[in-house]
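Structure first, commentary second.
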Amino acid sequence: PAIIARAVAAAVRLEPSAILGVGVHMGLALLLGIGLMGAWSTVRSHRPKASSAYLFMTAALIVVWSFNFLVLLPSLSPAFLALLPYPVTFASKLLFALAGAPVLQHIGAAAKPAFARSVANAPWARF
């Protein structure tokens, strides 16, 4: 793991330090999560199906993985690609999708305005 973290730092032209590598990785993961949350909030329907978040996350992260490992990393640091086999990194992205989809579902439900929830549940709304 320390070798990989150092390679991450070196790939972005920093001192090859494990701490810097973990920091870069976590920072990029945070930005990716925020970006995916923003994209989800703009493309989701008013009442998305439970499978919609899983489909969105899987498709989005396959695109991210493809760009990272087939375009970006070969140009930044070809040596980095030798450290991690494609199937392992792809499986990692799919697991990230499985973990992120329930978060998107939860955030989507919580993002509904309180007024809309209270009006929908009001006694007169049943008629």
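The values are calculated or read from the model by the stated rules, or taken from the named source; none is laboratory data. Quick caveat, the model's predicted, so the values are computed rather than measured. FYI the Cβ positions are ideal-geometry reconstructions off the backbone, even for glycines, and counts take in every protein chain you see.
Tabulated results
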read-out: Count - residues of region 80-96 that are over 20 Å from THR58 (Cα atoms) and not in a helix (DSSP H, G or I); value: 1
read-out: Among residues of region 5-24, those that are in contact with a Pro (Cβ under 9 Å, 6 or more places away or on another chain) and basic (Lys, Arg), counted; value: 1
read-out: Filtered residues of region 10-32 (kept if assigned to a helix (DSSP H, G or I) and more than 18 Å from the chain's Cα centre (by Cα)); value: ALA10, ALA11, ALA18, ILE19, LEU20, GLY21
read-out: Condition met for GLY35 (among the small types (Gly, Ala, Ser), in a helix (DSSP H, G or I), modelled with pLDDT of 90 or more and closer than 22 Å to VAL64 by Cβ); value: yes
read-out: Test: PRO78 is loosely packed, with under 11 Cβ neighbours inside 10 Å, at pLDDT 90 or above, of a type outside the set (A, V, I, L, M) and out of contact with any strand residue (DSSP E or B) (no Cβ under 6 Å at 6 or more places or on another chain); value: no
